[in-house]
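Each value in this text was obtained by applying a stated rule to the coordinates, not by laboratory testing. Please read all numbers here as calculations on a predicted model, not as lab measurements. Here the Cβ is made from the backbone with ideal geometry for all residues, glycine too, and neighbour counts use every protein chain on show.
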Amino acid sequence: MRGMATLDPMDELIALAGVVLSQEDLPATLAEVCRIAIRSVPAADGASVTTFSEGRPSAIASDDWSKGFDELQYEEQEGPCLDAYRTGNTFRVRDLAADGRWPSYLPRAVDRGARSMLSVPMSAQGQVIGALNLYAREPDAFGSEAAAVGAIVAAHAGLASQVAAAYFGHRELADQMREAMHSRAVIEQAKGILMATRKYDADQAFADLVSLSQHSHRKLREVAQALVDSTVGSEHAHA
């Protein structure tokens, strides 16, 4: 992954400000944060974000290699990213082969090709919500400058998570409202057809649609749409 840092790291950090608006959902936003993290810290070979939903950790990463290191920590129930989340502290592992803090996790991580890593807590609204993790194949890859940049990326990742949750949540609500409005329009069309063809009043027409929905085990909107489609098709056939 090294060698991807073709732009000035500061330009990459600036890109974090608008990352939510350029992505389709929260996972895509965090995946892009990981890619920006790699480009911002040239020593990094991979990056991941561990988040906790209902107390359970999950990983979003720049690649499968990085994601595997997070998932290995969940399996062993120990590791820098879990401790970064639990304590709110940053953990820098200069050499995974020589560090003894996580005896079950580190040897397995070394076997998979990692030699140094950096885990930075990620916060939103004053609460630690996860951790940003950087992985390198070389020992002692992350110095003080890398740690400082990692802290900036983690802060933006936390903010992006907060903004994305609100933004995509509101967008989903807007989609639901549009769907509800469309459903209502179709149902009104179907009622109009029944009122015209069967001389029903509005209440009778709606009751007829509800009854058909219940007996056919289909949603009211689907029944209404089928009636509209069949009527339009019949009109076209006789045109």
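Annotation: amide H of residue 130 within the under-5 Å range of 122, sequence separation 5 or more or interchain, hydrogens built in the peptide plane. Under 28 Å of direct C-alpha separation, and excluding same-chain neighbours fewer than eight residues apart, residue 191 reaches these lysines: 199, 219. In this structure, the amide hydrogen of residue 116, modeled 1.01 Å from its nitrogen in the peptide plane, lies closer than 5 angstrom to those of 96, 136, 138, counting only residues at least 5 positions away or on a different chain. The shape of the range 9-170 can be summarised by an equivalent ellipsoid whose semi-axes, obtained from the alpha carbon gyration tensor, come to 24, 17, 13 Å from longest to shortest. As a calculated quantity, the FRET efficiency between residue 222 and residue 86 at R0 = 41 Å, using C-beta atoms, amounts to about 0.25. The amide H of residue 200, built 1.01 Å from its N in the peptide plane, has 195 as neighbours under 5 Å, considering only residues 5 or more places off or on other chains.
Taking label points 7 Å from Cα along the Cα-to-Cβ direction, residue 210 and residue 188 give a separation of 1.9 nm. Taking other C-beta atoms within 10 Å as the exposure proxy, 102, 65 rank 65, 102 from fewest upward. Just so you know, the averaged projected area of the alpha carbon convex hull for the range 22-111 sits at 6.4 nm².
With charges set only on the Cβ (+1 for Lys and Arg, -1 for Asp and Glu), what does the dipole of the range 68-147 come to about its Cα centre, in debye to the nearest 20?
Roughly 100 debye for the range 68-147.
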